[in-house]
Amino acid sequence: MATVTVKSLKITKETGKARDICFISFTYSIECDPAEQVLSKEGLLKFQIRASLLGYDDWFDDHLRDMPSGSLHYRCGDGEVHIGPVAVPCSVLNEDVGEDEIYLKVTATSVGAPGGQEYTAEGSSDSITLNF
């Protein structure tokens with residue numbers, strides 16, 4: 001079964017006249033098992049990708065923003081995908097009083113898997129602590 005690895009997440013802040021803008025960049029990849037690689041090469045298997053910025057909380061994590069995820073469908077062997085920088089208002093990332101612990105979750109859902117069986121693989125980045 002495929003595994004998702006978020007290899008990097010970078011958030012930088014630029015102070016502007018009207019408001020602060022944060023620039024977000026990240027890199028992820030999907031590793032497929034040999035059977036998935038064959039199916040993907042034949043055009044029978046691909047993955048729909050969803051990338052989301054989340055704020056860590058003790059009770060439940062806050063969904064802050066969906067992010068672009070690259071191509072509409074990822075195929076085994078596509079390699080690393082680099083996104084960014086994507087500009088967002090820093091206020092979107094300010095989800096707690098004091099420090100904000102932000103991380104990225106990438107979800108890959110199979111499309112066209114044999115037998116119509118759909119499955120999902122997820123990977124998350126380490127948290128980045130921000131103090132806005």
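The values are calculated or read from the model by the stated rules, or taken from the named source; none is laboratory data. Computed from a prediction, not measured in an experiment: that's the story for all the values here. Please note: Cβ atoms are built from the backbone with ideal geometry, for glycine as well, and neighbour counts cover all protein chains shown. What goes into the accessible areas is simple: the full protein's heavy atoms, side chains included, and nothing from ligands, DNA or RNA. Shrake-Rupley method; radii C 1.70, N 1.55, O 1.52, S 1.80 Å.
Here are the numbers for the structure shown:
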item	result
Rg to Rh, two decimals, where the chain supplies the alpha carbon set and Rh follows Kirkwood	1.05
In Å², nearest 10: area of T129 left accessible to a 1.4 Å probe	80 Å²
FRET efficiency for S127 and Q48, using Cβ-Cβ distance with R0 set to 25 Å, rounded to 0.05	0.45
All aspartates and glutamates inside 16 Å of K41 as judged from Cα atoms, apart from same-chain residues fewer than 8 positions distant	E31, D33, D78
Across K10/K46; K7/K105; K7/K46, pairs whose alpha-carbon gap is larger than 23 Å	K10/K46
Rounded Å value of the spacing that divides the Cα centres of the range 24-39 and the range 44-103	17 Å
